[in-house]
Each structure stands twice: as C-alpha cells, then as structure tokens.
Amino acid sequence: MAVEYALKKGMHLMKLRIKFNKYGPVRFIGHLDVMRFFQKAIRRADIDVAYSQGFSPHQIMSFAQPLSVGLTSNGEYMDVEVHSIVSCEDVKNRLNAVSVPGIEVLSVKVLPENAENAMASVAAASYTVRFREGREPKLNITEALPAFLAKDNILYNKETKKGIRELDLKQGIYELSYRNNCFHMLVDASSAGNIKPGQIIEALLKEHGEELQENALLITREDTFLNLGTEDDRKLVPLDEIGMFV
Amino acid sequence: MNEIKLALSDDILMKIEKPARYIGNEYNSVVKDKSKINVRFAMCFPDVYEIGMSHLGIQILYDMFNSMEDVWCERVYSPCLDLDKIMREEKIPLFALESQDPVKDFDFMGITIQYEMCYTNILQMLDLAQFPLLASERGEEHPIVIGGGPCTYNPEPLADFFDIFYIGEGETRYEDLISVYKECKSQKLGREEFLRRAARIPGMYVPRFYDVFYNEDNTIKAFLPNEKGIPMSITKEVEMDVTNTYYPMKPVVPYIKVTQDRVVLEIQRGCIRGCRFCQAGQLYRPVRERDVETLKRYALEMLKNTGHEEISLSSLSSSDYSKLPELIDFLIDECGKKHINISLPSLRIDAFSLDVMSKVQDVKKSSLTFAPEAGSQRLRNVINKGLTEEVILKGSALAFEGGWTRVKLYFMLGLPTETEEDIRGIAELSNKIAATFFDVVPKEKRVNGKVQIVTSTSFFVPKPFTPFQWAPQCTKEQFLEKAYQTKKAITEQLNQKSIKYNWHEADVSVLEGVLARGDRRLSKVLLKVYEKGCFYDAWSEYFHNDKWMEAFEECGIDPDFYTVRERSLDEIFPWDFINAGVTKEFLQREWLKAQREEISENCKKKCQGCGAARFGGGICFEERDASYEAEN
C-alpha cells in the first residue's frame, strides 16, 4: 500500500539512499557526469526532491564513492533529500522509466534521521576482477596467493603528483580469493585508506617479477559497505542496510 | 545484460579524453530496428561534440528525420585530435553515435556548415569516413554527401566536395528528397540520375550540373547549368508556418557538459532590424513568430522530457517578439516552482528587460550586454544600427541603479567608411558608461566601489547577401592598426582603469573573409591546406596561418582578390545564382544608402521592399506601426 510521507514546511526532509548499477557503454561516463545524469533524471521522474537555499539552488545529493571511468558496478549508492514520496518502490520505478541502458536503480530506501551521508559512510568495497583475454599473466595465481596473503606487509608504490609514495596495502585487504579465473576482494574504501583493486594485483605480479599489462583488468564493483562495528572489530554491511523500505 | 556494441575498443576509450563523446546512448537518442529502415541518414557536425550537441538546427532535423518511419537519422561529430590520430593509424572508419556503424553504411552523409573556419573539418570527416574527398571521385558505394546551414548561401568554395547543397530551412524539402532517393534506389537508377532528379527539387543545388566561366581578371563571366532541365537559379527554402512544423519535444540529453546544456525555445525566425553587416538578418527574412501558446506548451514538455535545469529563448532579437512579456511571465511562474533557470540572450536593455533580468538572474554576478557595433553615431547610421548613445547611457544608468556593475560592449573594427574618430568613439563611449556609474551610484552604495566595462572588438568580415557584400575588407595590418588605436584611445580615457579591452585574432578574420565571399577555385586551396594537416581551424591553438598562406601560394591564388578588392556594382558574385528572397537591387540600395549615412527603418515600422514578401507570409503581411521602438 502506498504511504504518503508529505512533510510540512519547516519540518526536516526525508533522506533516500538509492542503489544503482552501471554497466555497458555508460561505464565510460565519469563520476561528475553520473551526478549530472541523476540530477536530470530526478527532474524527469518528477520526484519531490529538496533544493538547497540561495540564488542558485541545487538538489541535495551525496554520492558514496566515485567509480573510475571504465569500471562497471553492481553496487553504487547516492543519497537524495526529498520532501515526500509515494513509496520507495514508486521512486525506483519512476527513475528507471527515465533512465538509460546501463544505469538501473536497484533499490530505494529511507534512511534514519541521524544517518551519516553516503560519502562519509563508506568503509569498504567488494570487487570482482578478471584479466582481459590475452592479457593474463604467466603467474599461477592460485598457487601464489596463499604466500602473498601471509606476508606481513604488501608494499605498493603509488605515483602521486609529489612523487612516489610507498603504501602498505596489507591492512586494507579484508578478503582476497581467486576462483574461476576471477579475483574476489573486499578492501578498504574509506577516504583515508582507499585501495584500488589494480594496486593489489600489480603488487602480486611484481612479487613474481611480472608487470601488469596496460588496461589488463576488467573490474566490477560488487557492493559498497559501511561499518556498523568498530575500527578493530568490523561489521561491514551494504550501504543501504541501515535504510528501510516504505 | 546485453552488451551494446561500440565502434571503439575499450583500450581506445580508456586512452582518449572524454570517451563519453563517442559512445552514444544518451537519453532521448533514437535507436531504430535496422531491418525496418529504408534510408539511413548520418547528420554530421564538423566540430567537437560539445559544440555540435548545442546546435538547435540539428536537433530539429534529427527529430524530423526520425519521425519518418523508414528513415533513421543518427549523429556524428568531428573526432578530437587524440582520437583522430588513432582512427587514422588503426584505419577505424568514422562512425555514427547511435548504431556505432560506419558512415559508409549510410545512404546520406548530411553535413551542417555553420561557419567558414570549419570547412577543413568537413574534409576531416569525409577523410575519416574513408571517402574520396572530391564528389567527382565518389561512386555508387558511397553515401550522398549533402550540405546545409548558413554557409550554403555561398557554397562555392566547397562545391567540389559536395553532391548536393540544401539551400534554406530544412523543414520543407527533405521528405521530397528522400522520396526521390527511394524511387531511384528501388529502380537502381544510380547516383548520377538521382542527383539529376534531386537538382529539380526546389532548394537543391547540385554543383556538378553547373559550370562557371571566368573573366580574365578572375571575376565571374557566367554561371550556367550544363544540362537541360537544371534550374538557372535556386530559391531558398522557407518554412512559412513556424508554429505547425517540426520541433524536437525530446531533445537528446548529453552526459557530458556541452556548450548549451539547456532547453532551447526558438520563439521566432528572422529579424526586423536591417543591420547592414549582419548576414543572418537578411538570410532569415521574413520574420515569422511562433504562437505563444504553442511555445508555452513546448517549454513545459521539453523541460519534462529532458530534466534540464535551464531554458533559454532563442531568436536574433528577442525583444522584438510581440508576446515576449506574456511568455516571460509564464516562464518565471512555471520555472520558479521547479528551480529552473531562465536565460534571456539578445534582449534590448530597457526598463522592461532589466526588471525581467533582475527576477531571473543574480544581479551581482551577471553582466549587461550592449552591442553598439560602432563607436560613433555616424558609423552606426552607416551600418543601420539604430542604437543611440542616449539609449545606451539611459539603459546603463537604469542598470547601475538596479545593482548591476558589469557591462559588456561589443564593437566591430574595419567597418566601411570607418575613421580614426569612429575608433576613438569606442573608447569614449566606454568611458561615458563608466562615468555614468559614478554619477548615478552614490559612493556608499558602490559594490567594491567599482564598475567593470569589458569592451570587445571583432574585425568586420563582409558577408554575401548583405549590403556590404560589395565592400572591401581590411588587411591584417589595417586590422591590427585599428586594434592598436582602440587600445591607445582607451588608455587615454579618464576611467580607463574601469575598462578592459579585448580584441580578436586578425589572421582568422582575413581567412574567414576569403572563404565567405570565395568562389569555386578555392576548393583546391582547401584540399591543399587539409593535405598539409590543417583542420580545427576554428580553434586558435590548431590554426596555422602560415600553412594557409603556403596553400594559396602553391595554388596560384591570391587571397586579397576575395577580401581587399572593392567590387563593382555590376559584378557577378559566386552566390548570385541563389535567390535568398532579398533582391540584389535592395542590397545595392542599402549599400548606397550606407555610403550616404542614411538609415532604413525596421520591418515593423516600414517595409523597405527587400523582396522577402515573395514568400507570402510573416511580417511582410502584417500591419506596420510607425511608432515602433526604433532602438536595438
């Protein structure tokens, strides 16, 4: 049954957390353009979205974690503030009716009032990673992985504007396995310790004297997580676990 | 998940800048079932995606073609230099965005020709499509290459590269053309016969059926059809019912930010002001207004269908649209509720427009624009620009009182009869506007205590179908001297610290002038300069004047022939075979009046007998109003 959540003026707004995927040609659209896409889609869908105050009001929107150009995803999130909705299902259907091939809203939930915004909440992300055909390394990954994971440090040289900085990836790798020619990983995605899947694979290959070929990886972000536990005792749940359907 | 096919590999897309330019799939882009399509039309814009996607004309034609059931129209833009290089190296053919299919699979390659400096990009597109550049070398397997847009009013410099030019507004004759094409295709009559039949459709110019004969001094002796049944002259096509015609209710919404990232509402076509330098003002006669109720409906529907956060009115002179206040009130009302911005270009600065602008924009952040075009009243009379100093100063005073502190002024240098005094007038007018600010705004109310006047000059380029088509153009040296004089005069003003001066490149203006009034002989120069690696000439960083000069030299063509020469009144021009509505007699009358510094009234006040009445509608048949506001 549809529930009307119209809020009176002056009352606080309702925050929605929207989960969507990204695949096909639109994987070549950058993060800012995905934002622009949703701003326009929200207007096309006639969602009762909230605007900021001031002379050039904009929709109040927050994205969880920018997805690099070229990656696909099954677990992107954004938050949008609205004045009212008919139901979560209705928002989802309206958005999907005005979307493009390759961007599909998977779920819409209402967040609790005190929830942190999507961007600040991100603690981890899961990925699946394959090699492109013809760009697989010589290394037998299944054999090499246990020793790699047993190391105390996994060092990676990150190129920054200021030069090369050495990172230790070890602390940020929460899960890493390789089966059916596919890496499955759960890694730190917080703003302080974000790890890119390619960095891990590069480090692994380098151990064995191999270079990662250019554009060798097909990467899909499977989901994005927040931490309900503590720094030491993590309890990672998908970003919209804390929301509810109405 | 069905993978949608892309013309470019992931490796390429990951390497190039803004890959989103090349993947299609934008919201509202039209994808049809190829098996049900009879005619495929590739609509090409010879510049980058961001510019091409901002063009209303393309959106109108895209909508029109795709409303035909068995026609599929797709878009193509010039690949940028990074991708251009890869496509040449890897022999990837130019492709259309929607299907990602090569343009060589299409029936038509339509190219819009908006400005002279994109001519080499047309060659780039033909080349990347892997077609012979010369129309005479293309065969049955190649699409028909058809050009349209404002530059086709003198198509001659491009004559060797095109099969057909469509002269005039696109809404009227494409259906006829497509049906002739289908007939020829089904009967396998071949390319030449199709072109022959196309040449008989009104508005279609097929250059191969015309020969040019020259005098010894390289002026034209005669321009004649070389076959029976080919018309002597071609009358431009005009859509007389602008309310009941094609208009794109579902414009394509780009992913990346483009130049015009908004809904565009064309409120009228044509302009009542006969500014003598302005080509658009002559080409789009007669003035035709769209019905205001229709426009209101369009605005709401297009906003809903795109999700754009801005709407812009489009016309050559919006203030002259008779229902403007009603339309703007409606938009302010509707858009305010939905947080949609309204952008109002080409408004005359007066109490009404200032009131409207203060409602739709942030006064502190926006600037006012005046286009006096010339520095003195004398020269403004020569160019028939009715705007007076009094009106500009009055408008500025009102604006300053209303809180504006920034004014942009546009002028042209090198107009016919211009003297040093006229140039000094540019500086003096800029100074007076600054002084007005200090007069009308008391010290305590001045934001930052400052006013900012930005004075810009462009160099005047005489264009076909204007009264100045006979006028000599300045040389590069003269242009630069004039810019120097302007700069010097500005530094001598009392308020010079409030005035910022910008001027354009002179090289490009000279070349634009060559191509604008050029003839068929220039096709070989274009070919030569393209072979030297020139394209994207409209982008100053890729423009190589030295290569152009080499190309002229190697072809034995003197660019000055097209620019600095004053043409005699009886000279046959390369574009004379086109009937644009305005007659040569009218233009000549205006040219002589200009030299006598006499003005001509605008169309709303008094008919000047330009010839556009032949189209049987628009303002030519409305009642005149002798008291109509003369300024612009």
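Do any of B:LYS182/B:LYS250; B:LYS394/B:LYS432; B:LYS296/B:LYS337; B:LYS450/B:LYS497; A:LYS92/B:LYS18; B:LYS296/B:LYS338 go past 18 Å between their Cα atoms, and which? Could the numbers behind the result be given before it?
Values: B:LYS182/B:LYS250 27 Å; B:LYS394/B:LYS432 11 Å; B:LYS296/B:LYS337 15 Å; B:LYS450/B:LYS497 10 Å; A:LYS92/B:LYS18 29 Å; B:LYS296/B:LYS338 15 Å.
Over 18 Å apart, Cα to Cα: B:LYS182/B:LYS250; A:LYS92/B:LYS18.
Once the other residues with Cβ under 9 Å from the Cβ of A:LEU71 are scored (Lys, Arg +1; Asp, Glu -1), what is the net sum? Cβ neighbours under 9 Å give a net charge of +3.
Against chain A, whose longest principal axis comes from its Cα atoms, helix A:31-44 is set at around 20 degrees.
Working note: 222 nm ellipticity from helices only, DSSP H runs with n ≥ 4, each -39,500 (n - 2.57), summed and divided by the residues of chain B, gives -10000 deg cm²/dmol to the nearest 500. Based on alpha-carbon centroids, what's the gap between segment A:13-57 and segment B:16-92 in Å, whole number please? Between the Cα centres of segment A:13-57 and segment B:16-92 lies a distance of 25 Å. Partners of B:LYS15 within straight-line reach, counting lysines whose Cα lies under 22 Å from its Cα and excluding those fewer than 8 residues away in the same chain: A:LYS22, A:LYS158, A:LYS161, A:LYS196, B:LYS5, B:LYS85, B:LYS91, B:LYS257. Between the listed residues B:TRP548, B:PHE411, B:ILE490, the Cα displaced farthest toward the positive end of the dipole of chain B, a dipole computed from Cβ unit charges relative to the Cα centre, is found at B:ILE490.
Taking the Cα centre of segment A:95-192 as origin, work out the dipole magnitude from +1 charges on Lys and Arg Cβ and -1 charges on Asp and Glu Cβ, in debye rounded to 20.
Working: 12 positive and 12 negative charges, 75 e Å.
Charge dipole of segment A:95-192: 360 debye, to the nearest 20.
Distance between the 7 Å Cα→Cβ label points at A:GLU210 and B:SER186: 6.1 nm.
Normalising the average separation of contacting C-alpha pairs (under 8 angstrom, six or more residues apart) by the number of residues puts the relative contact order of segment B:457-521 at 51 percent. Its alpha carbons considered, the protein assembly as shown gives a radius of gyration followed by a Dmax of 30.7, 93 Å.
Among A:VAL100, A:VAL122, A:VAL49, which one moves the most in a GNM of chain A with springs linking Cα atoms closer than 10 Å? Result: A:VAL100 has the largest fluctuation of those listed. If you plug the beta carbon distance of A:ARG135 and B:GLN452 into 1/(1 + (r/R0)^6) with R0 = 56 Å, you get a FRET efficiency near 0.50. Whole-Hz Karplus values for segment A:196-210 come out as 9, x, x, 5, 5, 5, 4, 5, 4, 5, 4, 3, 9, x, 10 Hz, taken residue by residue from phi with 6.51 cos²θ - 1.76 cosθ + 1.60 and θ = phi - 60°; glycine and proline positions read x. Take every Cα pair under 8 Å in segment A:121-238 that's 6+ residues apart, average their separations, divide by the length, and report that relative contact order as a whole percent. The value is 40 percent.
Which percent, to the nearest 5, of DSSP beta bridges fully inside chain B are antiparallel?
Values: 12 of 57 bridges.
Of those bridges, close to 20 percent are antiparallel.
A simple rule links phi to the HN-Hα coupling: the Karplus curve 6.51 cos²θ - 1.76 cosθ + 1.60 with θ = phi - 60°, which for segment A:228-244 gives 8, x, 10, 3, 8, 10, 6, 10, 7, 10, x, 4, 9, 4, 7, x, 9 Hz, with x for Gly and Pro. Of all beta bridges that DSSP places with both ends in the protein assembly as shown, some 60 percent have antiparallel geometry.
Determine the dipole magnitude for chain B: charges of +1 sit on the beta-carbon of Lys and Arg, -1 on that of Asp and Glu, nothing else is charged, the reference point is the Cα centre, and the result goes in debye to the nearest 20. Don't skip to the answer; put the middle values down first.
Details: 82 positive and 99 negative charges, 227 e Å.
Dipole about the Cα centre, nearest 20: 1100 debye.
If I fit a long axis through the Cα atoms of helix B:119-128 and take the longest principal axis of the Cα atoms of chain B, what angle between them do I get, 0 to 90°, rounded to 10? That works out to roughly 30 degrees.
By count of other Cβ within 10 Å, fewest leading, how are B:SER315, B:SER458 ordered? Walk me through the numbers on the way to the answer.
On the way: B:SER315 22, B:SER458 17.
Ascending number of Cβ neighbours within 10 Å: B:SER458, B:SER315.
Applying 1/(1 + (r/R0)^6) with R0 = 22 Å to the Cβ-Cβ distance of B:ALA280 and B:GLU505 gives a FRET efficiency near 0.50. Of the residues B:ALA397, B:GLY513, A:ALA115, the one whose Cα sits farthest toward the positive end of the charge dipole of the protein assembly as shown, with +1 on the Cβ of Lys and Arg and -1 on the Cβ of Asp and Glu, is B:ALA397. The eigenvalues of the Cα gyration tensor, multiplied by 5 and square-rooted, give chain B an equivalent ellipsoid with semi-axes of 39, 30, 25 Å from largest to smallest. Taking only the C-alpha atoms of segment B:233-362, the Rg (one decimal) and the largest Cα-Cα distance, Dmax (whole number), read 15.4, 52 Å.
Would you work out the charge dipole size for the protein assembly as shown about its Cα centre, treating the Cβ of every Lys and Arg as +1 and the Cβ of every Asp and Glu as -1, and quote it to the nearest 20 debye? Don't skip to the answer; put the middle values down first.
Details: 112 positive and 132 negative charges, 248 e Å.
Dipole about the Cα centre, nearest 20: 1200 debye.
Think of chain A as a dipole: +1 on every Lys or Arg Cβ, -1 on every Asp or Glu Cβ, centred on the Cα centre; then among A:SER87, A:ASN157, A:LEU218, A:SER87 lies furthest on the positive end.
Over the alpha-carbon set of segment B:392-551, divide Rg by the Kirkwood Rh and report the Rg/Rh ratio to two decimals. Ratio of gyration radius to Kirkwood radius for segment B:392-551: 1.10. With the simple spin-label model, which puts each label point 7 Å out from Cα in the Cβ direction, the B:ASP333 to B:GLU598 separation comes to 4.7 nm.
Taking amide H as placed 1.01 Å from N in the peptide plane, the amide H of B:GLU98 sits under 5 Å from that of B:ARG75, each at least 5 places away or on another chain.
Computed on chain B, with alpha-carbon pairs under 8 angstrom and 6+ residues apart, the relative contact order is 14 percent. For segment B:274-294, the residues whose backbone nitrogen is under 19 Å from a point 7 Å from the Cα of B:ALA613, taken along Cα to Cβ, are B:274, B:282-289.
Take the Cα of A:LYS235, step 7 Å toward its Cβ, do the same at B:ASN579, and the gap between the two points is 8.5 nm. Ratio of Rg to Rh for chain A: 1.02 [Cα atoms; Kirkwood radius as inverse mean 1/r over pairs]. Phi angles of segment A:160-173 translate, via the Karplus equation with coefficients 6.51, -1.76, 1.60 and θ = phi - 60°, into HN-Hα couplings of 10, 4, 8, x, 9, 10, 8, 10, 9, 7, 3, 4, x, 8 Hz per residue; Gly and Pro are given as x.
For chain B, the longest principal axis of the Cα atoms and the long axis of helix B:522-531 meet at an angle of about 80 degrees. Treating r as the C-beta distance of B:SER136 and A:GLU116 and R0 as 60 Å, the FRET efficiency rounds to 0.30. Determine, at each q value in 0.16 (inverse angstroms), the log₁₀ of I(q)/I(0) that the Debye formula gives when each Cα of segment B:1-123 is one equal point scatterer. Each listed q maps to, in turn, -0.78. Applying Stokes-Einstein at 10 °C and 1.306 mPa s to the Kirkwood radius of segment B:10-235, computed over alpha-carbon pairs, gives a translational diffusion coefficient of 87 µm² s⁻¹.
Quick one: which of B:LYS236/B:LYS323; B:LYS463/B:LYS532; B:LYS221/B:LYS584; B:LYS304/B:LYS365 span more than 21 angstrom between C-alpha atoms? Flagged as over cut-off: B:LYS236/B:LYS323; B:LYS463/B:LYS532; B:LYS304/B:LYS365. Students often forget the sequence filter, so: which aspartates and glutamates lie under 19 Å Cα-Cα from A:LYS206 once same-chain residues fewer than 8 apart are removed? Output for A:LYS206: A:GLU136, A:GLU143, A:ASP152, A:GLU159, A:GLU166, A:ASP168, A:GLU214.
Bear in mind these aren't lab numbers, they're just calculated from the coordinates by the rules spelled out. Bear in mind the structure is a predicted one, so any value in this text is a computation, not a measurement. Cβ: placed from backbone, ideal geometry, glycine included. Neighbour counts: every protein chain shown.
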